[in-house]
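Reading through the structure tokens given below for one structure.
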């Protein structure tokens, strides 16, 4: 429900600028020097002598220092690996729950990150996706990010999360079903069709050689936007070095625009990718959805599944596009 009569301006959502406070790095478990406060990392990016990335793992005895990226098991996992004699019966929360620490710099969030470092974050997503999707009990790998306490981030250090599930989540299942129906009816990928239409429309925000960014037609959240690859691909495993750099640029520019427009609002983002062994190459198209956390879902939304958006996506797109043009040309 796009409630145009309740329309609000970007300034109505902009957060008050917080007074700058120094981070107590000694108490942040994700900051360098505190590696012993976390479980051993399952993936560590280190800088090699020749400037290349060296990939390592921690052990109980060894925690690597001078790291660029660390990926650790979550101390309080929603899903856990199976035990040795696990029989994989339905109903068990079998899987993995990891935290990807994006930078040794506490505040190097994607909106302000160095592009060179943001490419490391994306490559680490791909590395963990490749490893986790090979597990026989993993059906889906969810890669997502919560920014700000209002969006569910319990720690302010720049980080993402990765959760694997033994089933295909309902939202992805619905997307796959609808995409397949569209392909069978029209012989084309519905996301490719959407991409071509939005490039020429009023909800277009930004593009580079590899990606298009736009506000979706039925946006649930004010200032929601999606990032779609121009080339039809089903998963992040298909990313090439050039597209990794272009995705880093898209994240940096568009989240930077959101940051500038709304004074660093809380947000969530999540990758929508094909499930393991999904056989959906013809009709599914991976993409990233970004949801600013600007309104509260209350009784009506939760009891009906109908969501009220008080900012038309065309207005959101126009404001974001203008902000990007001013600050991130």
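List of remarks:
- Report summary: the helix-based calculation at 222 nm, which adds -39500 (n - 2.57) for every DSSP H run with n ≥ 4 and divides by the residues of the chain, gives -9000 deg cm²/dmol.
- Cα shape, segment 209-329, gyration tensor, a/c 1.5 rule: oblate
- Exposure proxy shown here: for 24, 105, the number of other Cβ atoms within 10 Å sets the order, fewest to most, as 24, 105.
- Pairwise label distance in nanometres, residue 325 with residue 181, each label 7 Å out on the Cα-Cβ vector: 3.8 nm
- Largest GNM mean-square fluctuation among 200, 130, 65, using the chain with Cα springs under 10 Å: 200.
- Across 258, 100, 43, mean-square fluctuation computed from a Gaussian network of the chain (C-alpha pairs under 10 Å connected) peaks at 43.
- Globularity ratio of the chain, using Cα Rg and 2.2 N^0.38 Å: 1.01
- 327, 5 arranged by Cβ crowding within 10 Å, fewest neighbours leading: 5, 327
- Neighbour counting of Cβ atoms within 10 Å sorts the residues 271, 211, 225, fewest neighbours leading, into 271, 211, 225.
- Alpha-carbon centroids, segment 174-249 and segment 98-168: separation in whole Å: 20 Å
- Zone of residue 137's modelled label, taken as backbone nitrogen in segment 63-85 under 12 Å from a point 7 Å along Cα→Cβ: 79-85
- Segment 99-206: radius of gyration over Cα atoms, expressed as a fraction of 2.2 N^0.38 Å: 1.34
None of the figures in this text is laboratory data; all of them are computed from the coordinates on show. Keep in mind that what you see is a predicted model, and the values were worked out from it rather than measured. Neighbour counts are summed over all protein chains in view; Cβ atoms, including those assigned to glycine, are modelled from backbone coordinates with ideal geometry.
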